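Every number in this text was worked out from the coordinates using simple rules, so none of it is lab data. Keep in mind it's a predicted model, so treat the numbers as computed, not measured. In this analysis, Cβ positions are derived from the backbone assuming ideal geometry, glycine residues included, and neighbour counts consider all displayed protein chains.
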Amino acid sequence: MPFALATPVTNPQSAAPPATSQPADATQPAVTAKVACESLSGKTLAGATLTGVVVPPSGNVPTYCKVNGTIAPSLNFEMRLPDAWNGKLYYGGGGGYDGSIPDLVLPALMQGYAAVASDSGHQASGLDASFALNDTFAAQLFGSLSVPTVMSTALKAVTAAYGSSPTKSYFEGCSNAGREALMAAERNPNLFDGIIARAPGYNWVGFMGHWNRNEKAVAAPGGQITAAKLALLSKAVRDTCDAQDGIVDGIVSNPQACTFDATSLRCAGGADTGDTCLSDPQLAVVISRTSPASFVNGTYTSFALPLNGNEDDSAAGWGSWVTGNGNVLNALHYLFQDTTVKNYLARDPAQDSLTYAFESNLSSLYSMAALNDATNTDLRPFKKANAKLILWHGGSDPSLSPKATTAYYQAMTNAVGGQAATDEFVRYYVAPGVGHCEGGPGADQTDLLSALDTWAVKGTAPETLSATRVASGVVQAARPLCRYPQYPRYIGPVNDPAAAALATNYACTVP
Ligand SMILES: [Ca+2]
């Protein structure tokens, strides 16, 4: 499912209802999902007429009331209100260009949260930005307004359903929803008690321009890179860099030490001579991706997408995102930048994005930045509101660069007054070997929500967390999830697969 841009990390370990699942006021009888539905169904809140239906329990998902409503003209939202509400609200962000309500059967619901999500104000494929062509309000909703708008109604609905307002409210999102997360922290600093921003696509203009540049290189004569050549490239990176973290496990966990130079794979003379080398047009793709991009004299920037040894991975590799598995027109980066060029920049659905000069319509570029960029790193108002932020990024993300999140973290640290001030309200984690939001050879599953909740409720800040890689519900491997800039260095016995799967055999280490 390559287009699962913002599926919240599902953590089987957190699936069991925790012992703290109880109503906010234990002296009051719990409001059941059935009662919640009866309270809300047919009710009109903020102009939205609500419908509610009780959904019976399934697996670890408790009975809940599914509430749907539309805030005029077309902002659709959904809430799921469980039995045994834990007194808190969880807002799950969408993905791509949104356009549909993401699935809310997630750990938050299993942990007793009331959950809410929306389609951000238009209905379409997540690869379709045509809503932005002529509908200014839809573009504003997508850019920044849908979250506070839905949140206003969600708070009223929760209060009407359970008889009390949430004691805490959290937002979590990945990719575009990671952007929504930072947007909320920047523009609505009092809206949430805690925010989880994973792989945030916050520098919208910058990375769209970068993707436009990269996909032009893929589409150039001879630029397409075959699966065999991706395997060649990945293996060469791993041969150089995999062991630098103490273990050859297919994961480059210490990327700072990795200085692999792809030009070492150049075909003699630069022309394509087969799958044992990269031609000059193919190296141009690698170089475009692995070098930063800058637009309008540095006003908008994007960051290198470093080689990581997982370029050939089925989930974390370049096939779906960059090369389109042999057809650039199928590459997700091509599709995203293409709909962006057509609907935000050229404002012409017939425009070919591969022949479009990205900076050729500056007024459109500025408008898109004003709508979608979440690049304000001064989070002092958010800190002053006593809110907490967890940043997370997959170390082998083929779509959005972990370097971008690192750059945000560093600029934010400067803006709020240094590391000590940052440590009071922000944590940043990089998960080695993990792709875009999830997947890849790394340990992609971490219960960030519980870490955030403990911080917000008890004041205990998260330090090293635990991460697992799970297949078919079974934990395959565990790693510590280290605070940036640390990485998990293997310190266990050599050539011992069982030991290598245990988190206790890794030490968080400063590069
Ligand atoms: Ca390794």
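Search the structure for amide H atoms under 5 Å from the amide H of residue 127, placed 1.01 Å from N in the peptide plane, and list their residues when 5 or more places away or on another chain.
Placed amide hydrogens put 97 under 5 Å from residue 127.
Mind jotting down the distance between the C-alpha centroids of the stretch 463-511 and the stretch 342-381, whole Å?
40 Å
Residues with beta-carbon under 11 Å from that of residue 398, excluding residue 398: net charge, scoring Lys, Arg +1 and Asp, Glu -1? Numbers along the way, then the final one.
Values: positive: 289; negative: 311, 312, 313, 397.
Here the count lands on -3.
Tell me the mean residue ellipticity at 222 nm calculated for the chain from its helices only (DSSP H runs of n ≥ 4, each -39500 (n - 2.57), averaged over every residue, nearest 500).
Values: 16 runs with 152 residues, N = 511.
Rounded to the nearest 500, it is -8500 deg cm²/dmol.
For residue 481, what residues show an amide H to amide H distance below 5 Å, using hydrogens built from the backbone and excluding near sequence neighbours?
Answer set, sorted by chain and number: 465, 466, 467.
Kirkwood Rh over Cα pairs of the stretch 206-360 into Stokes-Einstein at 25 °C, 0.890 mPa s: D in µm²/s?
In µm²/s, the coefficient rounds to 152.
Under the rule of at least 5 residues apart or a separate chain, name every residue whose amide H is placed under 5 Å from the amide H of residue 389.
Correct list: 195, 426, 427.
Grab the other residues whose beta carbon is less than 10 angstrom from that of residue 54, score K and R as +1, D and E as -1, and report the net.
Values: positive: 34, 66; negative: 38, 83.
Cβ neighbours under 10 Å give a net charge of 0.
Expressed as an acute angle from 0 to 90° and rounded to the nearest 10, what is the orientation of the C-alpha long axis of helix 146-162 relative to the principal long axis of the chain?
Once rounded, the angle reads 30 degrees.
Add +1 for every Lys or Arg and -1 for every Asp or Glu among the other residues with Cβ under 12 Å from the Cβ of residue 490, and state the total.
On the way: positive: 479, 489; negative: 242, 245, 249, 496.
For residues surrounding residue 490, the net value is -2.
If we restrict to alpha carbons, what Rg and Dmax does the stretch 394-467 come to, in Å?
For the stretch 394-467, the Cα-based Rg and Dmax read 13.5, 37 Å.
So what is the relative contact order of the chain, in percent, for Cα pairs below 8 Å that sit 6 or more residues apart?
Working: 1182 pairs, mean separation 67.9, N = 511.
Dividing the mean separation by the residue count of the chain yields 13 percent.
Show me, for the stretch 413-429, the HN-Hα J-couplings you get by feeding each phi into the Karplus relation (A = 6.51, B = -1.76, C = 1.60, θ = phi - 60°), rounded to Hz, glycine and proline as x.
Per residue, the Karplus-derived 3J(HN,Hα) values read 4, 5, 5, 8, x, x, 5, 5, 5, 4, 4, 6, 8, 9, 10, 10, 10 Hz.
Once the convex hull of the alpha carbons of the stretch 273-382 is built, what does its volume come to per residue, in cubic angstrom? Show your work: numbers first, answer last.
Numbers: hull volume 17.3 nm³, N = 110.
Measuring per residue, one finds 157 Å³ for the Cα hull of the stretch 273-382.
Tell me the angle of helix 204-219 to the major Cα principal axis of the chain, expressed in degrees between 0 and 90 and rounded to the nearest ten.
Orientation of helix 204-219: about 40 degrees from the principal axis.
What per residue convex hull volume, in Å³, comes out for the chain when only alpha-carbon positions are used?
Spread over its residues, the Cα hull of the chain gives 140 Å³ apiece.
Expressed as an acute angle from 0 to 90° and rounded to the nearest 10, what is the orientation of the C-alpha long axis of helix 176-187 relative to the principal long axis of the chain?
60 degrees
With θ taken as phi - 60° and the coefficients 6.51, -1.76 and 1.60, list the Karplus ³J(HN,Hα) couplings across the stretch 298-305 in order, rounded to whole Hz; mark glycine and proline as x.
In residue order, the calculated couplings are x, 5, 10, 10, 9, 10, 4, 9 Hz.
Using packing as a proxy for protection, rank 175-181, 271-277 so that the peptide with the highest average count of other Cβ atoms within 10 Å comes first.
Numbers: 175-181: 29.1, 271-277: 13.1.
Top of the packing list down: 175-181, 271-277.
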